[in-house]
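What follows is a single structure, written as structure tokens, with notes after it.
The values are calculated or read from the model by the stated rules, or taken from the named source; none is laboratory data. For clarity, every value in this text was computed on a predicted model and none was experimentally measured. FYI the Cβ positions are ideal-geometry reconstructions off the backbone, even for glycines, and counts take in every protein chain you see.
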Amino acid sequence: MLRLEKLSVGYGAPRGTVLADLDVSVSPGSFVCVLGRNGAGKSTLMRTIAGLQGAIAGTALLDDEDVAAMRPQTRARRVSVVLTERSSSPGLTVDDVVSLGRQPFTGWQGRLTADDRARVTDAMAAAGAAQFSRRLFDDLSDGERQRVMIARALAQAPRLMVLDEITAFLDLPGRVETMALLRERARATGTIVLLSSHDLDLSLQLADVVWLLDGRGGLSVGTASELIAAGDVSNAFDTSAVRFSAAHGRFELVA
């Protein structure tokens, strides 16, 4: 289980605290979509949960252990992270990059076992990266790179996957396939998948649970239907030009 206990996230002055006193629990096997407008704090929250950024207060607990206090190797075995930053791995092939997901589990010699190789192969196939496994990673397009990074996260076989805007460089079929794959992987393995996205309509369709940041320091948690019925989606996203239609379940231009 993932549990946030009085978690406050943010930065030093002048921005300060972005989200405060969060108390949220997530069950194993959940596919959670984190939604909110630009600047609402999605990436800050995701990085703090993953242990990449210190919390202002409180803790993020994975299986009752503070993620931030874990030894690096322990965290690497339990938490996989894919961010929006463009990665570079000079001289490494796609197969090399995905194989790095198994590094926390290898011995001091770093040799992959047959099981490690099988996990790498399965992860590349699932993420749609197998067809360019022998190509150099740095020669790939942005969309292809994202597929490789998703494959590496899958090969890691973590307890928690933290994925920040990973579908940004994928076309529509790719976004649907990737999000459906992650939801199925969560249910099949008991992994918690935490995905932030600007693809609002798709996220509302596929998420088991939605974390909705309203941009004013508030966080609403529930199923998509619950948050729509409560008006939280409209409150977070409606503008003078676009609004969320609860009747049609999608965003529409204001006439």
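General observations
- Checked across the stretch 166-175, the condition of being touching a strand residue (DSSP E or B) at 6+ places or on another chain (Cβ under 9 Å) and crowded, with 20+ Cβ neighbours inside 10 Å holds for at least one residue.
- Strands (runs of 3 or more DSSP E) wholly inside the stretch 149-215 containing at least 2 residues that are more than 13 Å from the chain's Cα centre (by Cα): 209-213
- Condition check for GLN109: assigned to a loop (DSSP other than H, G, I, E, B) and surrounded by 15 or more Cβ atoms within 10 Å (Cβ to Cβ): no
- Residues (without any contact (Cβ under 8 Å) to a residue 24 or more places away in the chain, part of a loop (DSSP other than H, G, I, E, B) and among the small types (Gly, Ala, Ser)) located in the stretch 243-255: ALA246, ALA247, ALA255
- Within the stretch 28-71, the set of residues being within 17 Å of MET1 (Cα to Cα), in contact (Cβ under 8 Å) with a residue 60 or more places away in the chain and among the small types (Gly, Ala, Ser) comprises GLY29, SER30, ALA50.
- Screening the stretch 122-148 for residues that are of a type in the set (Lys, Arg) and part of a helix (DSSP H, G or I) and picking the one that is nearest to GLY190 (Cα to Cα) gives ARG147.
- The combined condition, being assigned to a loop (DSSP other than H, G, I, E, B) and over 20 Å from LEU213 (Cα atoms), is not fulfilled by SER80.
- Subset tally (residues that are assigned to a strand (DSSP E or B), buried (at least 21 other Cβ atoms within 10 Å of the Cβ) and polar (S, T, N, Q)) for the stretch 21-56: 0
- Filter result for ALA13 (of a type outside the set (Ser, Thr, Tyr) and under 14 Å from the mean Cα position of the chain (by Cα)): no
- Of the residues SER80, SER87, the single one that is buried (at least 19 other Cβ atoms within 10 Å of the Cβ), of a type in the set (S, T, N, Q), within 19 Å of the chain's Cα centre (by Cα) and closer than 20 Å to PHE169 by Cβ is SER80.
- Under the condition of being of a type in the set (A, V, I, L, M) and surrounded by 21 or more Cβ atoms within 10 Å (Cβ to Cβ), the residues counted in the stretch 176-196 number 7.
- SER30, sole failed condition from (1) closer than 28 Å to THR239 by Cα; (2) modelled with pLDDT of 90 or more; (3) out of contact with any Ser or Thr (no Cβ under 8 Å at 6 or more places or on another chain): (1)
- The residue list SER220, SER240 contains one member that is out of contact with any helix residue (DSSP H, G or I) (no Cβ under 9 Å at 6 or more places or on another chain), of a type outside the set (A, V, I, L, M) and not in a helix (DSSP H, G or I), which is SER240.
- The single condition among (1) within 30 Å of ARG15 (Cα to Cα); (2) part of a loop (DSSP other than H, G, I, E, B); (3) over 16 Å from the mean Cα position of the chain (by Cα) that THR59 does not satisfy is (2).
- Complete set of residues in the stretch 122-134 that are under 15 Å from VAL97 (Cβ atoms), buried (at least 17 other Cβ atoms within 10 Å of the Cβ) and either under 22 Å from the mean Cα position of the chain (by Cα) or not hydroxyl-bearing (Ser, Thr, Tyr) (or both): ALA123, MET124, ALA127, GLY128, ALA129, ALA130, PHE132
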